[in-house]
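The numbers here are math on the coordinates, done by the rules we state, and not lab data. Just so we're clear, the structure is a prediction, and the values are computed from it rather than from any experiment. FYI the Cβ positions are ideal-geometry reconstructions off the backbone, even for glycines, and counts take in every protein chain you see.
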Amino acid sequence: MSAHLTDTRERFLRQIAFLIEIDRVKTIFRKTRLLSDKRYENDAEHGWHMSLMALILWEHSNQQVDISKVVKMALIHDLVEIDAGDTFLYAEDQKDKTANERKCAERIFGLLPEDQRDEYLELWEEFEAKETAEALFAGALDRLGPVMQNYYDGGHAWKMHNVTADKVLKVNSQIKKGSEEIWNYAKTLIEKVVERGDLECKDRQ
């Protein structure tokens, strides 16, 4: 077998190994439930829905974006949770989150051929940094999903974890950096959940 065929075969097998490994993301469950059911959402479903949000809502980004890049971010951003697990957005203790997710990112993307490893690791890092137009818009979509789920689920995740309105508004206010339009919508949903009595305004004593 020629060196070229050997290299091609090795590349293919590394890609397959990656695709087999990321199947595990379907087993990582989040704190929010599906809009259509009382079952908790898994990370794969979240990434799929976020990707479609990007394709449908791209015109509402504050800045012009490369939509294919945003979709890629949506699809890969939570792969790190295969090792690190899901960290609740409102958790007080997140000191180990960055280090754990970085370690997983290097392992997961390290399964790929070097060029793809570098591309997707850099893309994940860009998403985490939230500095580019694409990362800011992807970040807005990442937050929109759970807000919508809590709105249609009676504030379930927020109530289960004693999260109050001030914290929900503070944590999700970064949405406006990616899309003012999406933030106005998300804020309206949060305010309606408060009005319904499904989200407390002040910390419990």
### Task
First check a/c for the range 2-63, with a ≥ b ≥ c the square roots of the eigenvalues of its C-alpha gyration tensor; if it is under 1.5, answer rounded, and if not, answer prolate when a/b is larger than b/c or oblate otherwise.
oblate
### Task
Work out the FRET efficiency for L169 and D66 from their Cβ-Cβ distance, taking R0 = 30 Å, and round it to the nearest 0.05.
0.50
#### Entry: Relative contact order computed over the chain (Cα-Cα under 8 Å; 6+ residues apart), in percent
22
### Query
Residue by residue through the range 162-170, which ³J(HN,Hα) values in whole Hz follow from phi under the Karplus form 6.51 cos²θ - 1.76 cosθ + 1.60 (θ = phi - 60°), with glycine and proline marked x?
6, 8, 9, 4, 4, 6, 4, 5, 5
#### Entry: the chain - mean residue ellipticity at 222 nm from DSSP helices (-39,500 (n - 2.57) per run, n ≥ 4, rounded to 500)
-20000 deg cm²/dmol
## Note on the structure
FRET efficiency (W48, R102; Cβ distance; R0 35 Å; to 0.05) is 0.90
#### Entry: Computed magnitude of the charge dipole of the range 69-205 (debye, nearest 20; Cβ of K, R +1, Cβ of D, E -1)
620
### Query
What list of ³J(HN,Hα) couplings, whole Hz, do you get for the range 4-19 from phi and the Karplus terms 6.51, -1.76, 1.60, once you set θ to phi - 60° and write x for glycine and proline?
5, 5, 5, 5, 5, 5, 5, 4, 4, 5, 5, 5, 5, 4, 4, 5
#### Entry: Segments 112-121, 153-162 sorted - mean Cβ within 10 Å per residue, highest first
153-162, 112-121
### All aspartates and glutamates inside 17 Å of K95 as judged from Cα atoms, apart from same-chain residues fewer than 8 positions distant
E81, D83, D86, E128
### Message
Rounded to two decimals, what is the ratio between the C-alpha radius of gyration of the range 1-107 and 2.2 N^0.38 Å?
### Response
1.32
### Summary
Among K38/K72; K72/K176; K170/K192; K167/K187; K31/K159, the pairs whose Cα-Cα distance exceeds 19 Å are K38/K72; K72/K176
### Message
For a Förster distance of 22 Å, can you work out the FRET efficiency between the beta-carbons of K159 and L34, rounded to the nearest 0.05?
### Response
0.80
### Message
Can you find, among T6, H46, L112, the residue sitting farthest towards the positive end of the charge dipole of the chain, where Lys and Arg contribute +1 and Asp and Glu -1 at Cβ?
### Response
H46
### Task
With θ set to phi - 60°, apply the Karplus curve 6.51 cos²θ - 1.76 cosθ + 1.60 along the range 73-90 and write out the HN-Hα couplings as whole Hz, x wherever there is a Gly or Pro.
4, 4, 6, 9, 4, 9, 4, 5, 6, 4, 9, 7, x, 7, 9, 4, 3, 9
### Task
Would you please classify the overall shape of the chain from the alpha carbon gyration tensor, given that a ≥ b ≥ c denote the square roots of the eigenvalues, rounded means a/c under 1.5, and beyond that prolate means a/b larger than b/c while oblate covers the rest?
prolate
### Spin-label model distance (nm) - E21 vs K202, 7 Å beyond Cα toward Cβ
5.0
### Amide H contacts under 5 Å for T32, placed H, 5+ residues apart
E41
